[in-house]
Amino acid sequence: MKLNIAILPGDGIGPEVTAQAVKVLKAIAMEFNHIFTFTTGLVGSAAIDKTENPLPQETIDLCKKADAVLFGAIGDPKYDNNPDAKIRPEQGLLGIRKELGLYTNIRPVIAYEDILNKSSLKIKQIKDTNILIYRELTGGIYFGERFLSEDGNTASDVCEYNRLEIERITHLAFKAAQSRKNKLTLVDKANVLESSKLWRRVVQEIALQYPNVKVNYMYIDNAAMELIINPRQFDVILTENMFGDILSEEASVIVGSIGLLASASTGDKHAMFEPIHGAFTKAANKGIANPIASILSAAMLLDHFGLDEEANRIREGVDKSLKLHITTPDLNTKYDNISTTKVGDFIEDFINNPDETNLNFTNIHLGQSTII
Ligand code: IPM
Ligand code: MG
């Protein structure tokens, strides 16, 4: 298959982790005889520095022409304590989601068997967790009308949804549930918010078309607690934009590191793949950023094009890296010298030599004679 992939490394650790995902995709292309071409574009703080625009038109054009986009991370602390900044890096990410019509954001939350002890939660509580969060991505309070009074003392952000916006992602979430455990939980605040009441009404109507899927409804405050107390009860979680942002980041506590959570953002024409983590600027250029979320986002990219074997090869590589503790310091207590690049090298090597035990790799690259 020929794929033309736009790379938007963005800010902070974005470029380092994305470089590992690109390396892994190149290994897949070689191993499975595909032709992947990569073109890089500017976004976020990096784009503001060069063009004064967090999302230059050139980047939009590049992404629209591409078959898929691989996105790194966005944000820079220099903007964080300046609420008066008119231009912010995040506008680049929100802008590209809107421009490409990426209304469905899919975030898998998997408690990996080999690193259950990395979570701050109890193992028995999180074991076997496997959740797919369907987060609506181009509506709600993120994109509603904003207001700031002239005297600067009153502000508002409108959370608006229409039926169509709810329907299109709801059907996808139900279909996903059908291919999993047939369970869907709508998370909302329908005891208070009009927009949530609309979500509930629409989802109740659509549920009739999927009689084999068991649907339940949960308020966001309760869901935030249930996700930690009993995450195994969830299969597919469907929710609006901001609730999905918050819940998915909370869910990373189950997995053990936010550096492991990948996502796919899809629309009718385009698709983008990105880790759920931010730019983590403090960790940039130190070789300590976990590239796995980006690498797993690349696997989701391959899934999107039906390249199942290829995507699974990447996932096996990730599993193996977790098993052998070939991981960055956010997860490792065993070795202290494993960099972002080494994790990428290991998974690349696994893709080319899946049948080997990788013992050679670990010995050579970790510079130790017996480590297992
Ligand atoms: C995410 C991020 C973004 C969001 C930010 C960087 C705008 O937190 O993708 O989860 O809020 O959607
Ligand atoms: Mg977020």
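Restricting attention to the stretch 123-143 and to residues that are assigned to a helix (DSSP H, G or I) and surrounded by 15 or more Cβ atoms within 10 Å (Cβ to Cβ), the residue that is farthest from the chain's Cα centre (by Cα) turns out to be Gln125.
If you go through the stretch 225-261 and pick out every residue that is more than 12 Å from ligand 2 (Cβ to nearest atom) and either over 21 Å from Gly101 (Cβ atoms) or surrounded by fewer than 21 Cβ atoms within 10 Å (Cβ to Cβ) (or both), you end up with 20.
Name the residue that is farthest from ligand 1 (Cβ to nearest atom), counting only residues in the stretch 216-261 that are under 30 Å from Ala66 (Cβ atoms) and in a strand (DSSP E or B). Here the residue is Val236.
When residues in the stretch 22-58 are screened for being within 16 Å of ligand 1 (Cβ to nearest atom) and under 16 Å from Glu274 (Cα atoms), 2 of them pass.
Considering Ala299, Ala279, Ala264, Ala289, the condition of being crowded, with 20+ Cβ neighbours inside 10 Å, part of a helix (DSSP H, G or I) and among the hydrophobic types (A, V, I, L, M, F, W, C) is satisfied by Ala299 alone. Determine whether the stretch 87-108 contains at least one residue that is within 14 Å of ligand 1 (Cβ to nearest atom), outside any loop (DSSP other than H, G, I, E, B), within 20 Å of Ile314 (Cα to Cα) and basic (Lys, Arg). Yes, that holds for at least one residue. Within the set Ser265, Ser339, the sole residue that is at pLDDT 95 or above and within 30 Å of Leu164 (Cβ to Cβ) turns out to be Ser265.
Looking at (1) within 16 Å of ligand 2 (Cβ to nearest atom); (2) within 21 Å of Pro275 (Cα to Cα); (3) not polar (S, T, N, Q), find the lone condition where Ile169 falls short. For Ile169, the exception is condition (1). Taking each residue of the stretch 238-259 that is at positive phi and looking for partners that are away from ligand 2 (no atom under 13 Å from the Cβ) with beta-carbon atoms closer than 7 Å, six or more apart or interchain, yields Gly256/Ile115; Gly256/Lys118; Gly256/Ser119; Gly256/Leu331. Does Arg180 count as part of a helix (DSSP H, G or I) and basic (Lys, Arg)? No.
Residues that are within 16 Å of ligand 1 (Cβ to nearest atom) and in contact (Cβ under 8 Å) with a residue 40 or more places away in the chain do occur in the stretch 187-208, at least one of them. Residues that are out of contact with any Phe, Trp or Tyr (no Cβ under 6 Å at 6 or more places or on another chain), within 16 Å of ligand 2 (Cβ to nearest atom), outside any helix (DSSP H, G or I) and in contact (Cβ under 8 Å) with a residue 40 or more places away in the chain are absent from the stretch 144-166 altogether.
The values are calculated or read from the model by the stated rules, or taken from the named source; none is laboratory data. Note that the structure is predicted; figures quoted are calculated from it, not measured. Reconstructed Cβ throughout: ideal geometry from the backbone, glycine too, with neighbour counts over all protein chains shown.
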